[in-house]
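What follows is a short report on a single structure.
The values are calculated or read from the model by the stated rules, or taken from the named source; none is laboratory data. Just so you know, these numbers come straight off a predicted model, no measurement behind them. So basically every Cβ, Gly included, is an ideal-geometry build from the backbone, and we count neighbours across all protein chains shown. The area values use the complete protein model at the heavy-atom level, side chains included, leaving out ligands, DNA and RNA. Shrake-Rupley method; radii C 1.70, N 1.55, O 1.52, S 1.80 Å.
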Amino acid sequence: MSSKPEQKESHQANGAVLPIVPVDCLTSPDRGQLVEPSEFLGPDGDGVEVVVLESRANAKGVREEDALLENGSQSNESDDTSTDRGPEPASPLKETSFSIGLQVLFPFLLAGFGTVAAGMVLDIVQHWDVFKYVTEVFILVPALLGLKGNLEMTLASRLSTAANIGQMDTPKELWRMITGNMALIQVQATVVGFLASIAAVIFGWIPDGHFSIDHAVLLCASSVATAFIASLVLGMIMIGVIIGSRKMGINPDNVATPIAASLGDLITLALLSGISWGLYKELESKAYVNPLVCAFFIALLPIWIIIAKKNAATREVLYSGWEPVIIAMAISSVGGLILDRTVSDPNFAGMAVFTPVINGVGGNLVAVQASRISTYLHMSGMPGESSETAPRKCPSPCSTFFSSDVNSRSARVLFLLVVPGHLVFLYTISSMQGGHTTLTLIFIVFYMTAALLQVLILLYIADWMVHWMWGRDLDPDNFSIPYLTALGDLIGTGLLALSFHILWLIGDRDSDVGD
């Protein structure tokens, strides 16, 4: 390529020095067509060869920006389009009620059967010595099962949004998102597991006034080890699900969060039961094992913090994402206190097997809705930006469930899944002879009422909370789901305990506790 030495304005791309020519200069305003090469002349009338390059990064940025503008209904039809653009990311918003229900149904049932399995496990392990003599372990159950809402579902929502807006299209971006987010959830899991054990010790000490240092260390070791291992396994599963969903053309928002819960409850509860049982066995002969386990996992914290800090996508969450997971853990622990006080009461036989089911189903459905609303808002701008899609006042129930908005449509679909889903799960529990409870008609009515009321409240709160956080410059992917799933644990456990208490008062429940 040739040019005059006097030509000063130039830039370097791919090793070639090129004259800077604005793209607008290539079009003649009076003719509306490309300017002929002869019209570009050097100072002495010599022709100057012009090469217009569009960098790969700029092309990708244009594609992502156009995808955001199109889905946020903010695109300008008069804008020029580039013929070099690749296919835009598929919008998860152009969906019918049928397509939403079809995509959600299988992961929802899979997640539900996971909670049923977790309930059956809890129904068995509640009779183990560690659960009998260290009853504070029951307080850990909702808090650690809630980690899938605090961490895995938040991770799934965060990665789903990133995938939908084109931030995981290249291998380099994908690897950066994976390493940063996996390190982040290990930090959060270790800290939340440690704090959950402290909450369990406090909530167990307040009613009885009894404190045992050995039991406190046992709770700490069991909680931290369970949280760490469960988050590691589930995080890897989540990444695989989201990558697979994008390749299959499925919206990750519809499948990632339910699948996060499908194995989440079962894996977490099995780990908690096995680890606490093993550490309890070593409590008398090898008392040093429990503090050693605590020290080992806490010593790994600096490594995960360093990795998470190097990633711009997770650095902000590392600094500012603690409030929701800690408050959510505290809320779930209150639900655990209710479980601890009711599971050993013969009048509440069956609470152990049904609690993970009602809490898991409610948390799964509201997590799907929160993830969808968050993606919808991300496609219209950034958190804190004024947008017609982010109302500042509390929405009415009619706008949440009966409007023509795409999020209202998905709320109706998710709500309609509650009754058939729970009927399938109740039948499964009954056929496996779990819960020591006969499924009478009045029991099913009370149970369904509690489940419907729980999901109704959660979906409404999700509609308000996600928009409220968005308007206050908070990313709903990081902040909303922990609160919503923790509220699901508390509301579900409270309503279920109330239903069992009413059934006991009217004497309609057949209990086979002695069997």
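The figures follow:
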{"read-out": "Residue in the range 422-432 that is of a type in the set (Phe, Trp, Tyr) and surrounded by 17 or more Cβ atoms within 10 Å (Cβ to Cβ) present", "value": "yes"}
{"read-out": "Residue count, the range 433-443 (criterion: assigned to a helix (DSSP H, G or I) and either crowded, with 16+ Cβ neighbours inside 10 Å or in contact (Cβ under 8 Å) with a residue 24 or more places away in the chain (or both))", "value": "2"}
{"read-out": "Options SER276, SER262: the member that is modelled with pLDDT of 80 or more and either buried (at least 24 other Cβ atoms within 10 Å of the Cβ) or over 15 Å from PRO107 (Cα atoms) (or both)", "value": "SER276"}
{"read-out": "Check on SER431, at pLDDT below 90 and in contact with a Lys or Arg (Cβ under 6 Å, 6 or more places away or on another chain)", "value": "no"}
{"read-out": "Residue in the range 117-140 that is within 18 Å of the chain's Cα centre (by Cα) and in contact (Cβ under 8 Å) with a residue 24 or more places away in the chain present", "value": "no"}
{"read-out": "Qualifying residue in the range 209-223 (condition: in contact with a helix residue (DSSP H, G or I) (Cβ under 7 Å, 6 or more places away or on another chain), in a helix (DSSP H, G or I) and closer than 26 Å to PRO476 by Cβ)", "value": "no"}
{"read-out": "Criterion (modelled with pLDDT of 85 or more and open to solvent by 60 Å² or more (accessible area, probe 1.4 Å)) met by exactly one of LEU414, LEU484, LEU453, LEU458", "value": "LEU453"}
{"read-out": "Unmet criterion (only one of (1) under 18 Å from SER245 (Cα atoms); (2) crowded, with 24+ Cβ neighbours inside 10 Å; (3) of a type outside the set (Phe, Trp, Tyr)) for GLU173", "value": "(2)"}
{"read-out": "Criterion (over 14 Å from ASN251 (Cα atoms) and out of contact with any Gly (no Cβ under 9 Å at 6 or more places or on another chain)) met by exactly one of ALA117, ALA111, ALA143", "value": "ALA117"}
{"read-out": "Scan of the range 203-254 for residues that are acidic (Asp, Glu) and surrounded by 15 or more Cβ atoms within 10 Å (Cβ to Cβ), ordered by number", "value": "ASP253"}
{"read-out": "Residue within the range 146-167 that is at pLDDT below 65, out of contact with any Gly (no Cβ under 6 Å at 6 or more places or on another chain) and open to solvent by less than 50 Å² (accessible area, probe 1.4 Å) present", "value": "no"}
{"read-out": "The range 113-137, residues that are open to solvent by 10 Å² or more (accessible area, probe 1.4 Å), assigned to a helix (DSSP H, G or I) and not charged (D, E, K, R)", "value": "PHE113, ALA117, MET120, VAL121, ILE124, TYR133"}
{"read-out": "Set ALA183, ALA189, ALA196, ALA216: member being more than 18 Å from the chain's Cα centre (by Cα), within 30 Å of LYS310 (Cα to Cα) and not polar (S, T, N, Q)", "value": "ALA196"}
{"read-out": "Matching residues, the range 173-217, being under 25 Å from LEU159 (Cβ atoms) and without any contact (Cβ under 8 Å) to a residue 24 or more places away in the chain", "value": "GLU173, TRP175"}
{"read-out": "In the range 399-421, the residues that are among the hydrophobic types (A, V, I, L, M, F, W, C) and within 18 Å of PHE108 (Cα to Cα)", "value": "ALA411, VAL413, LEU414, PHE415, LEU416, LEU417, VAL418, VAL419"}
{"read-out": "Contacts under 7 angstrom Cβ, first residue in the range 371-384 being over 9 Å from THR161 (Cβ atoms), partner of a type in the set (Ser, Thr, Tyr), 6 or more apart", "value": "ARG372/SER410; TYR376/THR389; LEU377/THR389; SER380/SER387; SER380/THR389; GLY381/SER387"}
